[in-house]
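What follows is one structure encoded as structure tokens, with my remarks underneath.
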Amino acid sequence: MTEALPTRNAEDWRYADLAALAPLWPLADAEVVTVAAGGDYARTIVQSDGGVTRLTLVLESKAVAAVYILNAGGTYGRVEVDVTLHDGADFTLGGVQVAGAAQTMEVITTVTHAGPNAASRQMVRSVAGAAGVVSYLGKVRVERGADGTDGVQSVRAMLLDRSGQANARPELEIYADDVKCAHGCAVGELDANGLFYLAARGLGPAEAKALMLQAFIAEAFDGAGDEENLRVLAQARLEAVL
Amino acid sequence: MLQITNLSATVADKPILKGLSLTINAGEVHAIMGPNGAGKSTLGYTLGGRPGYEVTGGSVAFDGADLLALAPHERAAAGLFLGFQYPVEIPGVSNLQFLREALNSQRRYHDLPPLSGGEFLKLAREKAGLLKMDMDMLKRPVNVGFSGGEKKRAEMVQMGILDPKLAILDETDSGLDIDALRICGEGINAIMRRPDKAVLLITHYQRLLDYVKPDFVHVLAGGRIVKSGGAELALELEEQGYEAVA
């Protein structure tokens, strides 16, 4: 029997485009990558024509991994990243998603600190143009005994039009005592003060918005091997939804 | 160059400017002083076209054209430069990228070809030099991590690069130490003290006027110009206060 299509009651699929998901169902299993103790891993996911990408990472002791995501193409794009960190492992995630009219983009992360002294940093910047939907669901789970955990989630979304929609749900689930976890979440519009500043220097409305969006996503790709390429691809998508 | 006639403006429905008139000719430096809440910054923002500053009466002609009919970026392209009291930080966008785009946008408005990267860098280096600002600063994101004084110097570098006809400088002297004040003052003179340009300084204090000598000083109170005079008026105000003089 094939697995039933999720409904909106399923938390992980609450904001998904279920009609667009149906033809993709059932989904293939996640790609599983185990990074050996002390190893290094980097991955860039550019989702440019829709679909679901699922990646599961297991970071063994003192392994270091970085995942960069640009989720911006097709009517429905979903990127799921599930990471388990063991003793002293280090995980960085930088994500940008952009949705214009009739697009639903979502990034779902589950970061489990299974061993002590591991660090995770996640930064997701989402931009919704007119009638676009962007969602980020991110859970950080710190298991019993995972003391010395350092987990950071920085989640921000920008609405370019009142008809856009941004959903954000950063979650912390902590079962250890000696833990440093921070999460920040904000949904907003382009800063009117900044736009006027740029206009006062001669930039037209579209140019000013494009620069403000460049600033908005600036940090997400910091440290990526193909940082410049990612920025250029993201900027092109941003300018397309303005 | 600039002719403000009977200008009235509101912010959030509250009348701030109440029939202000002022004429600035090419080659002149004017200073507007006045107590807090008099409408000094409102005048700058209204002339710059900031959203939320609504003109309810009067007119403003800039080089003979109706300034108020132009969008903010068109006013900039027409040659108006508004120096901000609090310049905005823009992370992830370098000063050089920002200024090159701004300058080329203004050039496009006048059907001029964009400056090449090399031409632009040469210009930027020259203007940064005038303000004794290191080129490395211009490679950094716009105003991010700049001290108050560095932000104001960066504003003056922007002014040098964009080469406006009229600069309205809103409290450019605030937050400046003595050396930075002198450097900014000298920068304003070098860039704007020319027969075809004009400056409107909005300030609380006499000290910037020691470096940039105004031809005219006006006192703004209650949304109108209540007194005008020469450079000596600023000294009188400094000694006796607004209430005694205006």
**OP:** Using R₀ = 60 Å, calculate the FRET efficiency as 1/(1 + (r/R₀)^6) where r is the Cβ-Cβ separation of residue A:22 and residue B:226; round to 0.05.
**Re:** 0.25
Original post:
In nm, to one decimal, how far is the residue B:215 label point from the residue B:36 one, both placed 7 Å along Cα→Cβ?
Top reply: 3.4 nm
Original post:
Using a simple spin-label model with points 7 Å from Cα along the Cα→Cβ vector, what separation in nm is obtained for residue A:3 and residue B:21?
Top reply: 7.8 nm
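Viscosity 1.306 mPa s, temperature 10 °C: what is the translational diffusion coefficient of region A:1-126 from Stokes-Einstein with a Kirkwood Rh over Cα pairs, rounded to a whole number of µm²/s?
Working: Rh = 15.3 Å.
It diffuses with D of about 104 µm²/s by this estimate.
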Original post:
Which value in deg cm²/dmol, rounded to the nearest 500, describes the helix-derived mean residue ellipticity at 222 nm for chain A, given -39,500 (n - 2.57) per DSSP H run of n ≥ 4 and division by the residue count?
Top reply: -5000 deg cm²/dmol
Subject >> chain B: calculated mean residue ellipticity at 222 nm from DSSP helix runs of at least 4, using -39500 (n - 2.57) >> reply: -12000 deg cm²/dmol
Original post:
Using alpha carbon centroids, what distance separates region A:99-120 and region A:172-191, in Å?
Top reply: 12 Å
Subject >> Where the Cα pairs of region A:134-242 fall when distances are cut into 5 Å bins, in % >> reply: 2, 10, 16, 16, 17, 14, 10, 7, 5, 2, 1, 0
Original post:
Around residue B:68, what is the net charge, scoring Lys/Arg as +1 and Asp/Glu as -1 over all other residues with Cβ under 13 Å from its Cβ?
Top reply: -1
Original post:
Where the accessible area of region A:11-188 is counted over protein heavy atoms with a 1.4 Å probe, how much of it, in %, is carbon and sulfur?
Top reply: 48 percent
Original post:
Residues with amide H under 5 Å of residue A:164's amide H, sequence separation 5 or more or different chain, H placed in the peptide plane at 1.01 Å from N; which?
Top reply: A:131, A:132
**OP:** Using DSSP, restrict attention to beta bridges with both residues in the protein assembly as shown and report what percent are antiparallel, rounded to the nearest 5.
**Re:** 20 percent
Original post:
For region A:11-188, what is the relative contact order in percent, using Cα pairs closer than 8 Å and at least 6 residues apart in sequence?
Top reply: 16 percent
Original post:
Over all directions, what mean area does the Cα convex hull of chain B project, stated in square nanometres?
Top reply: 12.7 nm²
**OP:** Using all C-alpha to C-alpha distances in region A:84-195, build P(r) with 10 Å bins and read off the rounded percent in each one.
**Re:** 16, 40, 25, 15, 4
**OP:** Skip the ligands, DNA and RNA, and give the accessible area per residue of the protein assembly as shown with a 1.4 Å probe, whole Å².
**Re:** 42 Å²
**OP:** Would you mind pulling out the separation of the Cα centroids of region A:1-80 and region B:58-101, in Å?
**Re:** 45 Å
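Whenever you get a sec, line up B:73, A:113 from highest to lowest accessible area (probe 1.4 Å, protein heavy atoms).
Working: B:73 40, A:113 0 Å².
Putting B:73, A:113 in descending order of accessible area: B:73, A:113.
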Original post:
List for region B:61-94: residues with 30 Å² or greater reduction in accessible area, all protein chains versus chain alone, probe 1.4 Å?
Top reply: B:72, B:73, B:84, B:88, B:90, B:91, B:92, B:93
Original post:
With θ set to phi - 60° and the Karplus curve 6.51 cos²θ - 1.76 cosθ + 1.60, what are the ³J(HN,Hα) couplings of region A:62-74 in order, to the nearest whole Hz, using x for Gly and Pro?
Top reply: 6, 6, 10, 9, 9, 10, 10, 10, 10, 10, 8, x, x
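Nearest 100 Å² is fine: what is the total accessible surface buried where chains A and B meet, probe 1.4 Å?
Using a 1.4 Å probe, the pair buries roughly 2000 Å².
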Subject >> For region B:83-127, projected area of the alpha-carbon convex hull averaged over all directions, nm² >> reply: 4.0 nm²
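All other residues with a Cβ under 10 Å from the Cβ of residue A:214 taken together, and with Lys, Arg as +1 and Asp, Glu as -1, what is their net charge?
Numbers: positive: A:209, A:231; negative: A:239.
Its environment carries a net charge of +1.
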**OP:** List the residues whose amide H sits under 5 Å from the amide H of residue A:110, counting only those 5 or more places along or on another chain, with H placed 1.01 Å from N in the peptide plane.
**Re:** A:81, A:82, A:83, A:139
Subject >> Placed amide H near residue B:197: partners under 5 Å, 5+ positions off or other chain >> reply: B:27
Original post:
By what distance, in whole Å, do the Cα atoms of the protein assembly as shown stretch along each of the three principal axes, largest value first?
Top reply: 89, 46, 43
Subject >> Mean-position separation - Cα centroids, region B:141-200 and region B:218-244, in angstrom >> reply: 23 Å
**OP:** Would you kindly derive the ³J(HN,Hα) couplings of region B:189-196 from the backbone phi angles with the Karplus curve 6.51 cos²θ - 1.76 cosθ + 1.60 (θ = phi - 60°), listing them in order in whole Hz, with x for Gly and Pro?
**Re:** 4, 5, 7, 10, 7, 9, x, 9
**OP:** Just grab the label-to-label distance for residue A:42 and residue A:169, each label 7 Å out from Cα along the Cβ direction, in nm (one decimal).
**Re:** 3.3 nm
Original post:
What is the percent of Cα-Cα separations in region B:31-141 that go past 16 Å?
Top reply: 70 percent
Original post:
Which ³J(HN,Hα) values, rounded to whole Hz and listed in residue order, are derived for region A:90-106 from phi using the Karplus coefficients 6.51, -1.76 and 1.60 in 6.51 cos²θ - 1.76 cosθ + 1.60 with θ = phi - 60°, glycine and proline given as x?
Top reply: 9, 10, 10, 10, x, x, 10, 10, 9, 10, x, 3, 6, 10, 10, 10, 9
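Could you tell me the ratio Rg/Rh of chain A? Both radii from Cα atoms, Rh via Kirkwood. Could the numbers behind the result be given before it?
Details: Rg = 18.2 Å, Rh = 18.4 Å.
Across chain A, the Cα-based Rg/Rh ratio is 0.99.
The values are calculated or read from the model by the stated rules, or taken from the named source; none is laboratory data. Please read these numbers as outputs of a predicted model, since none were measured by experiment. Quick reminder, even Gly has a Cβ in these numbers, built from the backbone with ideal geometry, and neighbours come from all protein chains shown. Ligands, DNA and RNA are stripped out before the accessible areas are found, and what is left, the full protein with its side chains, is counted by its heavy atoms. Shrake-Rupley method; radii C 1.70, N 1.55, O 1.52, S 1.80 Å.
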